[in-house]
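Report on the structure given below.
The values are calculated or read from the model by the stated rules, or taken from the named source; none is laboratory data. Being a predicted model, the structure only gives us computed values, none of them experimental. Note that we place each Cβ from the backbone using ideal geometry, even for glycine, and neighbour counts take in every protein chain shown.
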Amino acid sequence: MTGQLPKIICILGATGTGKTDLALFLAKKIDISVINFDSRQVYKELPIVTAQPGVEEQSVCPHYLYGFLTIREKISAGEFVSLASDLIWREWKRGRVPVLVGGTGLYLRSLLYGLAPIPPVPDSARKEVKQKCEKYGPEKLYQELEKIDPEYARKIHARDRQRIIRALEVYLGTGVTISNWHKRHKPELKFLALKVGLSYNLDDLTKRLDARIDKMIALGAVEEVENAYKVYKDETLPGFSGIGCPEIIAYLKGEITFEQARKMWLKNTRAYAKRQITWFKKEDDIFWLREAEMELVRDRVNNFLGS
């Protein structure tokens, strides 16, 4: 394997499409290691609400980059690329096929083609944007981002504090939008990838998401968020920005009813899934299949690894 780029399999798609199930299906066929590329599944205190693979699932084969950060911590695309790249090379040299599983398109693109060369942002710009976010909240700053960089705004959630702040501080510090910095980047392939996408139409996926939320609630998602909130007591921390957490915290604070929280949770998850579908539809090298068509991927994977 020396002297060639590692071959990796990327299982991607919107939230709730069954990506973990497909990875475990592959684990029965070939020797793999699963590497997470979902920005929400990195938080160790929130395994249920972020739909991380359970202990039994993770025992099937090695799993990496799940539940390794506290709610106070955040991870940038650059930090993710560094961690994931090291793991890919290590597992490839060990004779295992690295399988990337997740739905954060920016992480995957950055991993495969490198990061845009954005210059360092002055501390003054970082501080100014962070203070505005603390004063007005992420939704207000998101409205500002929609005017400055609508292209990037469409790719992220209105409550994604970390990415909103990053986009605004880049613009304030460099005078160039983050979308334009990305366009200036000249991609250089870092790994040989077979991209396998799980596809559902939005109506069918919404039904799956509705059922998954019920399952999360039954497993203790509300209690999980409540326990974490009692410890950290700050809903603006990075780990609480993921869908499900703000809605549950609003319910716990008595601002909305449980039914309202659940309804908002589903609505926001559906909107996020729609953005993910839009992102991945722009990729022209994805082998799309439905969850029920898992057997179809076996020959494609074998051909890819044997080529």
**Report entry** Matching entry among Lys281, Lys263 (being within 19 Å of Asp38 (Cα to Cα) and without any contact (Cβ under 8 Å) to a residue 24 or more places away in the chain)
**Finding:** Lys281
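Let's see how each residue does on (1) at positive phi; (2) in contact with a Gly (Cβ under 7 Å, 6 or more places away or on another chain); (3) surrounded by 22 or more Cβ atoms within 10 Å (Cβ to Cβ):
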position	(1), (2), (3)
Ile30	no, no, no
Ile35	no, no, yes
Leu46	no, yes, yes
Glu57	no, no, no
Val60	no, no, no
Tyr64	no, no, no
Phe68	no, no, no
Leu83	no, no, no
Arg90	no, no, no
Query raised in the report: Which residues, taken from region 121-140, are within 13 Å of Ser241 (Cβ to Cβ) and assigned to a helix (DSSP H, G or I)?
Result: Cys133, Pro138, Glu139
Report summary line: Of the residues in region 156-172, those that are among the hydrophobic types (A, V, I, L, M, F, W, C) and surrounded by fewer than 23 Cβ atoms within 10 Å (Cβ to Cβ) come to Ile156, Ala158, Ile165, Leu172
Report task. Determine whether Glu226 is touching a Leu at 6+ places or on another chain (Cβ under 6 Å) and more than 30 Å from Ile30 (Cβ to Cβ). Result -> yes
Report task. Being closer than 30 Å to Leu305 by Cα and either at pLDDT 95 or above or not hydrophobic (A, V, I, L, M, F, W, C) (or both) narrows it down to one of Ser241, Ser199, so name that one. Result -> Ser199
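Conditions (1) within 30 Å of Asp31 (Cα to Cα); (2) in the same structural domain as Leu12 (by TED's automatic domain parsing); (3) among the hydrophobic types (A, V, I, L, M, F, W, C); (4) surrounded by fewer than 16 Cβ atoms within 10 Å (Cβ to Cβ), marked per residue:
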| site | (1), (2), (3), (4) |
| --- | --- |
| Leu237 | no, yes, yes, no |
| Gly242 | no, yes, no, no |
| Ile248 | no, yes, yes, no |
| Leu266 | no, yes, yes, no |
| Trp279 | yes, yes, yes, no |
| Met294 | yes, yes, yes, no |
Query raised in the report: Ile75 is checked against (1) of a type in the set (A, V, I, L, M); (2) more than 15 Å from the chain's Cα centre (by Cα); (3) surrounded by fewer than 19 Cβ atoms within 10 Å (Cβ to Cβ) and fails just one. What number does that condition carry?
Result: (2)
Report task. Give the number of residues within region 142-175 that are hydrophobic (A, V, I, L, M, F, W, C) and assigned to a loop (DSSP other than H, G, I, E, B). Result -> 2
